[in-house]
Amino acid sequence: MLGNATTRRKFIRALLCLPAVSRIAGARPDAASSVPVRDLVGNIPARASQHFTGSQFAQYVSTMDPRQREQAIRDEILKGNLPEFLRKLVPVELGCKLPDGRQFAARIFVAPDYLAIGSDDDFLRIPMNLHTAAAITDRFGFVLPTKKMVDAIYAQSGCHLAPQPLPAGPEMRSMQYYWTHNQMIQEQSRLLGVRLGELVSGDKKDVVITNLLFNKAGRIAIYGWHRATGEPIQPLSTVHGANYADYSHGIRLVSEMALMDGKFQSIYDILRDSSESKVLSDEGPIHEIREFLSQQEALPAVTTTASN
């Protein structure tokens, strides 16, 4: 038997992906962008024309407290209010060589930019806390990236946007900062001629999964915001509580199904394996991350202290 509804859903999704295996297996990395991967976004509802645009959503939540805003973010995205271009996943290649000479290679499928609310014409890249991110990724069949994935995404991006930090302070968590930073990214993208759907990075820090999350309860892990040199502004950190989010954070959707050894496998299964995990993680196996994230889905009360 397939167990609960979540397990059945993941099994069905894996079956839907199988016809694409023969097309993907053996494909050249430079040809991977032509691979149809639409089945991997099958759990994301279609966006309705009456849904908020990005600017409308920013206005809608402008007077909400952090808890209300997080719930509004969750509600909008779970009903499918995200731009169409974010549903067109892009392949990213990763590899490793073990001391015994064995080599592993994997292809992951990622959203071309950070999670946003709205339409292709009017969208807002939206930061969120770990509880909101965990609920969305689980419902849609995605995972948060590892530090190694973030580095690979940056290296293989078609466009590297320059980080644009804003002054530090309590305003970092405000919708005004969220909107201002989004507009700065939009303007830089316009000047560079970035096309919707092109893999871009450098515009936000990533919320990531890491073994550090198990060392101290109730934390969120962030990493990235790479400079042009390839060095991240933000080293891997769990200094903030799981309720924390600010304008600089982004959620990169990574399909939980990766192509490895010519077949689709769950990223969670790969990360549990003592050898295979090294292809996706530079800190070795990450055990029980699915169970950990499922525990984060409850939305607790949010305080306004900077460290939470």
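In summary, PRO167 fulfils each of the numbered conditions (1) in a loop (DSSP other than H, G, I, E, B); (2) more than 30 Å from CYS96 (Cβ to Cβ); (3) touching a Cys at 6+ places or on another chain (Cβ under 9 Å) with the single exception of condition (3). When VAL143 is tested against (1) within 18 Å of THR210 (Cα to Cα); (2) surrounded by fewer than 18 Cβ atoms within 10 Å (Cβ to Cβ), only condition (2) is not met.
Every listed requirement among (1) closer than 15 Å to PRO145 by Cα; (2) of a type outside the set (Ser, Thr, Tyr); (3) assigned to a strand (DSSP E or B) is met by LEU212 save one, (3). Kindly evaluate GLY197 against the criterion of being surrounded by 14 or more Cβ atoms within 10 Å (Cβ to Cβ), on the phi > 0 side of the Ramachandran plot and under 19 Å from the mean Cα position of the chain (by Cα). So GLY197 fits the description; yes. Among (1) at pLDDT below 95; (2) among the hydrophobic types (A, V, I, L, M, F, W, C); (3) assigned to a helix (DSSP H, G or I); (4) more than 20 Å from the chain's Cα centre (by Cα), which single condition is ALA27 missing? The number of the failed condition is (3). All conditions in (1) at pLDDT 50 or above; (2) in contact with a Phe, Trp or Tyr (Cβ under 6 Å, 6 or more places away or on another chain) hold for ARG67, with the sole exception of (2).
Among residues of region 162-179 that are closer than 17 Å to GLN68 by Cα and at pLDDT 95 or above, those with a beta-carbon under 6 Å from a residue that is part of a loop (DSSP other than H, G, I, E, B) and β-branched (Val, Ile, Thr) at least six positions away or on a different chain give the pairs MET175/VAL61. You will find that of GLN186, GLN234, the residue that is more than 15 Å from THR146 (Cα to Cα) and surrounded by 14 or more Cβ atoms within 10 Å (Cβ to Cβ) is GLN186 and no other. Filtered by the rule that a residue be closer than 19 Å to VAL90 by Cβ and either hydrophobic (A, V, I, L, M, F, W, C) or modelled with pLDDT under 95 (or both), region 231-255 gives ILE251, LEU253, VAL254.
With the structure loaded, tell me whether ILE44 is buried (at least 19 other Cβ atoms within 10 Å of the Cβ), farther than 24 Å from GLN183 by Cβ and of a type outside the set (Gly, Ala, Ser) or whether it fails that test. Judged against the criteria, ILE44 is a match. Anything in region 106-145 that is in a strand (DSSP E or B), within 18 Å of SER281 (Cβ to Cβ) and out of contact with any Asp or Glu (no Cβ under 7 Å at 6 or more places or on another chain)? List them, or say none. If the condition is that a residue be in a strand (DSSP E or B), within 18 Å of SER281 (Cβ to Cβ) and out of contact with any Asp or Glu (no Cβ under 7 Å at 6 or more places or on another chain), then ALA106, ILE108, PHE109, VAL110 are the ones that fit.
Look through region 261-294, keep the residues that are crowded, with 21+ Cβ neighbours inside 10 Å and in contact with a strand residue (DSSP E or B) (Cβ under 7 Å, 6 or more places away or on another chain), and return whichever of them is farthest from LEU199 (Cα to Cα). Out of the qualifying residues, it is GLU276. Can you spot a residue in region 73-88 that is assigned to a helix (DSSP H, G or I), in contact (Cβ under 8 Å) with a residue 60 or more places away in the chain and either closer than 27 Å to SER157 by Cβ or in contact with a strand residue (DSSP E or B) (Cβ under 8 Å, 6 or more places away or on another chain) (or both)? Yes, there is a match, as at least one residue in region 73-88 is assigned to a helix (DSSP H, G or I), in contact (Cβ under 8 Å) with a residue 60 or more places away in the chain and either closer than 27 Å to SER157 by Cβ or in contact with a strand residue (DSSP E or B) (Cβ under 8 Å, 6 or more places away or on another chain) (or both).
Among residues of region 272-292 that are within 15 Å of VAL208 (Cα to Cα) and modelled with pLDDT under 95, none has a Cβ under 7 angstrom from a residue that is part of a loop (DSSP other than H, G, I, E, B) and charged (D, E, K, R) at a sequence gap of 6+ or on a separate chain. Working only within region 170-185, note down all residues that are part of a helix (DSSP H, G or I) and among the hydroxyl-bearing types (Ser, Thr, Tyr). Within region 170-185, TYR177, TYR178, THR180 qualify.
For region 229-260, the candidate set comprises residues that are without any contact (Cβ under 8 Å) to a residue 60 or more places away in the chain and in a loop (DSSP other than H, G, I, E, B); within that set, the residue that is farthest from LYS205 (Cα to Cα) is THR229.
The values are calculated or read from the model by the stated rules, or taken from the named source; none is laboratory data. Predicted model only: the values in this text are computed from it and were never measured. Methodologically, a virtual Cβ is constructed for each residue, glycine included, from the backbone with ideal geometry; neighbour enumeration extends over all protein chains shown.
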